[in-house]
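One structure is given here, and the rest of the page talks about it.
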Amino acid sequence: MFWSDFHFDGLTLSYLTIGLAMTMLAVWNGRKTLRGHKQWPRFIITVLFFCAGYGLAILSGGLKMLLLGWEIMGIASFLLIILHRDFKDSGVPTPGRPTFGIPAKAFFIYRLGDVGLLLAMWASHHLGRENAAVVSLLVLVTASMQSSQLPFCSWLPQALQNTTTAGAIVLATLTVQMGVFLLLRSYPFWEHQLSIRMLIGVLGFVAAAMAAGAARVQSSVKRRVAYVSMAHTGLIFIEVAAGFKSLALIHVAANAFLGAYRLLVPPALVPASAGKSAHLNKRTWEDRLPKKLKYTIYMFYTKEWGLYARLSKYLRP
Amino acid sequence: MTARNNSFDELAVLHELKRFLPALSAGRAFTHRNPLEAFQHLHFHDALRHASEMLGYQTSLSLEEYRSFYNSKRVKPDVLEKVLVEKKGAAKTFEWQDKVLMKKFPTAAAAPRIGRLRANWQKQYSTDPDARVHPRLFRILGNYLDHGVSDWSFPVRGQGFLDSMREMEANSFISAFNTPRARKMLLQNTPSIGDLLAIIVGDEALFKQYLFDQQFAHRGWSGLVATLESNRNNLPNRSHITLRELIVFELLLEIDVLDDRLGKQWEPLASRLASPPNDLFAPVPASEKSEVLAIWQEVVEWSYYEEVLAGLSRNSPNQHNSYASGTVRASAPESLCIIGRPSVARNTPPGYRVALHSYDFSLDRDGAELERMLETVVPSLGATNLEYFFSRTNFADVNAGNALLDQLIGLFGVADGTRGDLRPGLPTELTEGLEPIRLLCIVEHFHETVLKVVGRRSVGRRSVGRRSVAQWIMNEWVHLVVIDPVSRELRVLKNGEMVGYKSDPLKYSLSVAGDW
């Protein structure tokens with residue numbers, strides 16, 4: 001390992017700042033909720049491990065170092081999702097006990113992402129400049145997996161739902177933004193390829209539209225945070241594709257802080273039979289749509305495009 | 001559809017189901033109901049045993065927790081001995097002391113009876129309908145009941161649940177179902193629960209048990225729906241929902257999933273059952289472990305009461321006897337109540353919260369006034385107390401260990417992250433560090449009169465609320481202690497009789513002085 005393997009610039013600096021702030025928030029929240037539980041030391045170690053991976057990835061000067069950081073982050077994210085589990089008493093599977101499906105899904109997506117990166121590395125060595133499109137495509141696939149964008153968009157809501165708030169902060173704000181980091185870092189690769197830029201933009205747009213709709217109909221607070229985060233990341237993809245790098249960075253930071261705020265300050269439960277006021281009857285713009293269209297769209301988003309169920313089907317043990 | 005004899009009475013089963021389901025109010029507030037209402041015709045400890053064996057409720061602390069109370073001297077050895085002598089007789093005290101303190105019982109309790117019938121889907125058809133029905137059902141229910149998380153609330157407003165879903169289905173290009181049969185059944189007519197169960201289960205004798213299994217697989221959601229129905233609470237958007245509608249919709253989803261998994265033709269569950277499942281409602285015999293737990297519970301409670309009672313029996317109106325010890329206990333709220341002259345409460349040790357209800361026995365020779373007071377005081381205090389009690393034992397929480405994963409749903413409830421069911425009971429912050437203790441009601445009167453009043457109440461009146469007071473007291477869901485106005489003698493109501501209670505104030509205050 002040499003110093004030449006590392007690289008430091010504005011992009012690194014902004015990601016470093018966001019990372020620092022979010023990890024502090026996560027640990028602060030974990031201290032409140034997890035302290036005294038046996039998961040607390042586990043949590044600290046996992047977060048430190050994650051930070052190591054995160055640091056390596058954002059400071060990396062080449063694909064090799066990036067891949068190493070990526071691997072570490074992948075393992076740490078997986079560990080964060082399964083953090084709350086008690087492995088000692090889970091000898092007999094009971095019907096109510098959750099299966100391993102959801103963490104397995106996140107793990108699977110990460111491994112796919114690694115394969116994408118590896119292939120990109122190989123391609124950049126062997127295919128040379130003329131096949132930059134292949135490399136860019138592989139990078140894009142990895143980025144959209146990481147950021148929970150299309151077509152791998154279902155892991156984030158499930159992961160957030162199945163993890164502690166402290167872990168959710170790390171996943172929703174840092175892990176997801178790494179896809180954008182990858183795109184920004186590899187910007188020079190695909191800067192001059194219009195088709196790739198179009199593809200990134202279209203993917204971002206579709207994911208944003210999908211996630212925004214799903215967020216509008218969500219009644220679960222954590223899933224809503226996940227979808228809001230996904231929708232913003234979709235917009236960031238469009239900004240990156242259009243070349244507004246600084247705007248994208250500002251958006252990344254804003255999105256991270258917004259996500260953390262929503263997770264840390266959940267809304268209060270309504271007291272039973274408290275004034276059921278009229279504000280819940282508020283009409284939204286969707287109410288102006290024709291009935292048939294309105295119901296169709298609502299059902300469509302409630303079922304979350306059906307993507308969710310489809311990917312789960314293959315990962316059911 | 002085959003002709004059925006009418007042994008399945010939909011209304012009766014629904015009524016019973018509502019009684020058994022845990023009451024759950026929006027926002028996890030107090031429901032002012034006994035969480036084990038369905039069992040309150042039984043004696044307290046029998047009820048705990050039945051609830052835990054039948055429904056898998058956790059109705060007491062764990063044995064380790066009780067023993068740690070003993071080791072940390074929060075419960076007193078002499079109280080343990082007293083309870084043992086009382087319950088098992090002096091001859092068997094030693095034998096039982098050993099069991100209570102030392103004996104190792106198998107930690108993993110046998111699976112409860114609930115859910116055994118539906119477990120056959122997995123065994124016989126190797127498919128688990130819940131895994132696919134629950135996420136869909138919870139999402140639709142969550143959206144329907146939402147109190148303000150989602151930006152775009154459920155588009156059909158002001159109607160019942162099934163009507164709303166039918167309206168959605170009829171006017172949408174995308175269906176909530178994946179196969180045509182269930183969708184058609186929803187759209188064409190409102191199928192009765194019996195019709196749907198005939199398709200899924202087949203054998204009418206099993207219908208009731210199947211419904212219990214199904215609803216208790218998500219007792220939180222069902223409990224919330226049942227509570228909303230019984231309170232006639234409309235949702236914020238003037239919609240409403242009944243338990244029957246929930247069950248019909250869930251059965252339709254189940255048919256949908258089974259059609260999808262097993263193809264169009266599949267035999268109902270009953271046709272492949274190897275042996276009929278055990279009866280869910282059969283009486284549960286007492287086991288050694290349940291007896292040990294009951295003993296521990298009594299010991300914890302009487303250790304707590306003892307100090308108060310010792311103070312009371314010493315107390316006489318002309319004697320001002322200030323209490324020396326400075327004990328402050330993590331006293332459970334609503335666990336002590338005195339019905340008597342204010343002077344009775346004067347010697348309550350510090351640190352105990354007592355609800356005092358002023359009452360003069362000398363103006364009420366026949367106990368008519370007492371009857372009225374018991375009727376108002378016991379139900380409200382008792383229900384709150386029992387809610388604290390069973391929330392502390394995590395009564396209906398299968399995944400209590402996973403409290404870290406709580407997620408807010410629709411501003412009305414907190415769901416368990418992995419299974420998606422709502423958590424019943426009070427939030428843990430309210431019950432942390434408390435000992436589960438029943439309400440102790442102290443009445444100042446002559447014990448014959450009190451027994452007559454309580455006995456009179458148990459003869460049975462029409463209304464349920466009135467009867468439940470006598471039921472609670474007679475079945476010891478609430479402890480009743482009578483303090484004699486003249487002799488200051490204490491008597492406890494046990495198994496329908498007034499038993500003398502001895503606490504030695506001299507010995508006790510000495511031991512307290514020594515301890516602290």
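The values are calculated or read from the model by the stated rules, or taken from the named source; none is laboratory data. Computed from a predicted structure; not experimentally measured. We place every Cβ from the backbone using ideal geometry, glycine too, and count neighbours over all the protein chains shown. For accessibility, only protein heavy atoms count, side chains too; no ligands or nucleic acids. Shrake-Rupley method; radii C 1.70, N 1.55, O 1.52, S 1.80 Å.
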Requested in this report: Using the Karplus curve 6.51 cos²θ - 1.76 cosθ + 1.60 with θ = phi - 60°, work out ³J(HN,Hα) for each residue of region B:142-149 in order, rounded to whole Hz, and write x for Gly and Pro.
Outcome: x, 5, 5, 8, 3, 9, x, 7
Report summary line: Highest mean packing first, using Cβ neighbours within 10 angstrom, the peptides A:230-240, B:13-23 sort as A:230-240, B:13-23
Report task. Express the relative contact order of chain B as a whole percentage, based on alpha carbon pairs under 8 Å and six or more residues apart in sequence. Result -> 21
Report task. Please give the helix B:207-216 orientation as an angle from the longest Cα principal axis of chain B, in degrees from 0 to 90, rounded to the nearest 10. Result -> 70
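Is the C-alpha gyration tensor of region B:163-308 telling us rounded, prolate or oblate? Criteria: a/c under 1.5 is rounded; beyond that, a/b larger than b/c is prolate, otherwise oblate.
oblate
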Query raised in the report: Taking amide hydrogens as modeled 1.01 Å from N in the peptide plane, which residues meet the under 5 Å criterion relative to A:F6, leaving out close sequence neighbours?
Result: A:G61
Query raised in the report: To the nearest 100 Å², how much accessible surface do chains A and B hide from each other in total, with a 1.4 Å probe?
Result: 4800
**Report entry** Entries of A:K294/B:K264; B:K87/B:K502; A:K222/B:K18; B:K73/B:K103; B:K18/B:K452; B:K82/B:K103 with Cα pairs more than 22 Å apart
**Finding:** A:K294/B:K264; A:K222/B:K18; B:K18/B:K452
Query - Rounded percent of accessible protein surface that carbon and sulfur make up, region A:1-78, 1.4 Å probe - result: 73
Requested in this report: Take the solvent-accessible surface of the protein heavy atoms, probe 1.4 Å, and return the percent of it on chain B that carbon and sulfur atoms account for.
Outcome: 52
Query raised in the report: What does the helix-only formula give at 222 nm for chain B: each DSSP H stretch with n ≥ 4 adding -39500 (n - 2.57), the total divided by the residues, and the result rounded to the nearest 500 deg cm²/dmol?
Result: -14500 deg cm²/dmol
Query raised in the report: region B:229-253 to region B:55-74: how many Å between their Cα centroids?
Result: 38
Report summary line: Counting sequence-distant residues (5 or more places) and residues on other chains, those with an amide H built under 5 Å from that of B:Y501 are B:L490, B:R491, B:V492
Requested in this report: Collect residues whose amide H, placed 1.01 Å from N in the peptide plane, falls under 5 Å from the amide H of B:I442; neighbours closer than 5 in sequence don't count.
Outcome: B:C337, B:I338, B:I339, B:V481
Query - Using alpha-carbon coordinates, inclination of helix B:44-55 to the longest axis of chain B, degrees - result: 20
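Structure shown: which of A:K303/B:K184; B:K76/B:K289; A:K38/A:K303; A:K38/B:K123 lie over 30 Å apart, alpha-carbon to alpha-carbon? Mind dumping the intermediate values first?
Numbers: A:K303/B:K184 19 Å; B:K76/B:K289 21 Å; A:K38/A:K303 37 Å; A:K38/B:K123 36 Å.
Among A:K303/B:K184; B:K76/B:K289; A:K38/A:K303; A:K38/B:K123, the Cα-Cα distance tops 30 Å for A:K38/A:K303; A:K38/B:K123.
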Query raised in the report: To the nearest 10 degrees, how steep is helix B:447-458 against the longest Cα principal axis of chain B, on a 0 to 90 scale?
Result: 10
Query raised in the report: Can you work out ³J(HN,Hα) from phi for every residue in region B:28-36, in order, using Karplus 6.51 cos²θ - 1.76 cosθ + 1.60 and θ = phi - 60°, giving whole Hz and x for Gly and Pro?
Result: 6, 8, 5, 9, 6, 9, 5, x, 9
Query raised in the report: Among A:173-179, A:14-20, B:441-447, what's the highest-first ranking by average C-beta atoms within 10 angstrom per residue?
Result: A:173-179, B:441-447, A:14-20
**Report entry** Neighbour cut-off at most 14 other Cβ (10 Å), DSSP loop, trypsin sites (Lys or Arg not before Pro), region B:163-262
**Finding:** B:R232, B:R238
